[in-house]
Amino acid sequence: MLKKNMLTMHSTVTKHANLVMDIDVAKTAGFDAMEITTDKLKGYLAAGYSEQDLRDLLKDITVPGIGFLVDIERQGEESTALYDQAEEMFRLANIAGAKGIEVITGPLEVQAVIDHRQGKAPTLYSGLLGHSESEQMRLTAKNLAALADKAQEHGLLLYLEALAWTPIGSIAKALQLIDRAERSNVKVVIDYWHGYAAGDKPEEISKINKELIYGVHICDSLLFESGVPNEAVLRNVATGQGVLNLQEWTDAVKATGYDGWWGCELFSKKQQQQNSYSVAHALKALMEKLVGK
């Protein structure tokens, strides 16, 4: 069992550091846990360290989840790669002692969505763009259920993040997808930026069944007015200096009764080039203020 209201450092806070440095930054800043991207885990192993070395490195670190398995709606021949990638992530999660795997709706490349809306011939993976909403939901739910069954075999759960620019892009739609998948080991992660950009409202978040929430990503945004939300542009801001009322979003999550882990993703390019220890300390202090620890 994970302890209540864990403050969790995400790998994006220390984007340009290796896994060993990530751990040191998280410990020094006083975080309770780490949410680790698979590129950090793979990078450690690719350097020549063994799986046991990785286990030993993370043995005292609480890892609620690792990310991320993308484009989960893939069909046909593309689904083979999806399930192969899933098995690799399940293996890494077990090595890292993680409890869950973050899964993401697609297409991951926002340009694919922009091209589709402009009527251009696809040159990038476009997923289920062009299908009806009901068909998008049906096919994605089928994949999510199959992935959940495979995750269950490894003692893992899946936590779903709906990317704001994708057909299934809102927290509300993510919850519909989970309902359609009908698997008890599938939950949602509440990401403030994706929720904001997709049109979700804090008052809607406050009504979610807390049992469906696995984690929270505290993050900020620049002003989004219309069109396709571009993550690289809109999230390039220090957390707490954007347009989101972070306390309102946090209070909405807390109103559900949720008391699980809270993570901090960071997409500010300036901050990612600063002293990671200072940035992590500041984020930890902000999260403490928001969550009320």
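Quick notes on this one:
- Scope region 213-227; condition of a type outside the set (Asp, Glu) and surrounded by fewer than 18 Cβ atoms within 10 Å (Cβ to Cβ); matching residues: LEU222, LEU223, SER226, GLY227
- When THR62, THR80 are screened for being modelled with pLDDT of 95 or more and either more than 27 Å from CYS264 (Cβ to Cβ) or in a strand (DSSP E or B) (or both), only THR80 passes.
- Matching residues in region 182-207 - criterion: being among the β-branched types (Val, Ile, Thr) and in contact with a Gly (Cβ under 9 Å, 6 or more places away or on another chain): VAL188, VAL189, ILE190, ILE205
- Sole exception among (1) more than 22 Å from ALA148 (Cα to Cα); (2) without any contact (Cβ under 8 Å) to a residue 24 or more places away in the chain; (3) surrounded by fewer than 21 Cβ atoms within 10 Å (Cβ to Cβ); (4) not aromatic (Phe, Trp, Tyr) for GLN85, by number: (1)
- Flag for LEU244 being without any contact (Cβ under 8 Å) to a residue 60 or more places away in the chain, open to solvent by 40 Å² or more (accessible area, probe 1.4 Å) and farther than 18 Å from ASN5 by Cβ: no
- Of the residues making up region 88-133, those that are over 20 Å from ALA174 (Cβ atoms), among the hydrophobic types (A, V, I, L, M, F, W, C), open to solvent by 20 Å² or more (accessible area, probe 1.4 Å) and in a helix (DSSP H, G or I) number 1.
- Within this structure, ASP71 passes the test of being in contact with a Pro (Cβ under 7 Å, 6 or more places away or on another chain), open to solvent by 10 Å² or more (accessible area, probe 1.4 Å) and either modelled with pLDDT of 95 or more or not in a loop (DSSP other than H, G, I, E, B) (or both).
- Qualifying residue in region 186-204 (condition: under 19 Å from ALA252 (Cβ atoms), open to solvent by 60 Å² or more (accessible area, probe 1.4 Å) and either at pLDDT below 95 or part of a helix (DSSP H, G or I) (or both)): yes
The values are calculated or read from the model by the stated rules, or taken from the named source; none is laboratory data. Since this is a predicted model, take the numbers as computed values, not measurements. No Cβ is skipped: glycine too gets one built from the backbone with ideal geometry, and neighbour counts run over all protein chains shown. The accessibility values were calculated without ligands, DNA or RNA, using every heavy atom of the protein model including side chains. Shrake-Rupley method; radii C 1.70, N 1.55, O 1.52, S 1.80 Å.
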